[in-house]
Amino acid sequence: MDHYTPINQTIEFTTRANSLLNPLNPHSGLLLIGDGGVEFQGEKSPGYIQIPWQFVTEVRVQLLFWDRYVRGFTIQTKDDETGLHEFEFIVKDAKSALKVMRRHLDRPLFVRQRSNFGQLFKKKKD
């Protein structure tokens, strides 16, 4: 059995979140952001996700309702051993979480991921 060892010495922000590793079976828990990276600790089922800052290659921010609401984000990582991975989170206080993440990651790593949901309400141009 794996023993959980935190990657953060200091936790800067904590919020409730859902991990969508399997979109058909989301896991609720806590998202912890600190000096070492992003951690997710499952609430009901055992397990955790650890994403060190040095492996983050992109953060796709999910925007809804004409960019007024941040639903969550997808963190893309890459390392030499395991390759490319994506971790999607639906976050209760996503705006605050992103502000804390900006302290550790450069601005070009953050990109917008607009939802197709907003396209339903767009006026058609003649």
Between D93 and Q113, with labels modelled 7 Å along Cα→Cβ, what's the label distance in nm to one decimal, could you check? 2.3 nm
Sum of side-chain charges, L30 neighbourhood, beta-carbon under 14 Å (Lys, Arg +1; Asp, Glu -1): -1
Once you place label points 7 Å from the Cα toward the Cβ at D35 and W53, how far apart are they in nm? 1.0 nm
Bin width 5 Å, alpha-carbon pairs only: give the P(r) of the stretch 1-56 as whole percents, running from 0 to the bin holding the largest distance. 5, 20, 28, 25, 16, 5, 1
L64/Q9 FRET efficiency (R0 41 Å; Cβ-Cβ; nearest 0.05): 0.75
In debye to the nearest 20, how big a dipole does the chain give about its Cα centre with +1 on each Lys and Arg Cβ and -1 on each Asp and Glu Cβ? 1100 debye
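For the stretch 1-99, which whole-number percentage of the solvent-accessible area (1.4 Å probe, protein heavy atoms only) is attributable to carbon and sulfur atoms?
C and S atoms contribute 52 percent here.
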Quick one: Karplus J couplings for the stretch 28-33, per residue in order, coefficients 6.51, -1.76, 1.60, θ = phi - 60°, nearest Hz, x for Gly and Pro? 8, x, 10, 9, 10, 10
Assuming R0 = 25 Å, what is the FRET efficiency of T74 and E43, from their Cβ-Cβ distance, to the nearest 0.05? 0.75
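The values are calculated or read from the model by the stated rules, or taken from the named source; none is laboratory data. Predicted, not measured: the structure shown is a model, and the values here were computed from it. Methodologically, a virtual Cβ is constructed for each residue, glycine included, from the backbone with ideal geometry; neighbour enumeration extends over all protein chains shown. The protein model used for the area step is the full one, side chains on, heavy atoms only, and it has no ligands, DNA or RNA in it. Shrake-Rupley method; radii C 1.70, N 1.55, O 1.52, S 1.80 Å.
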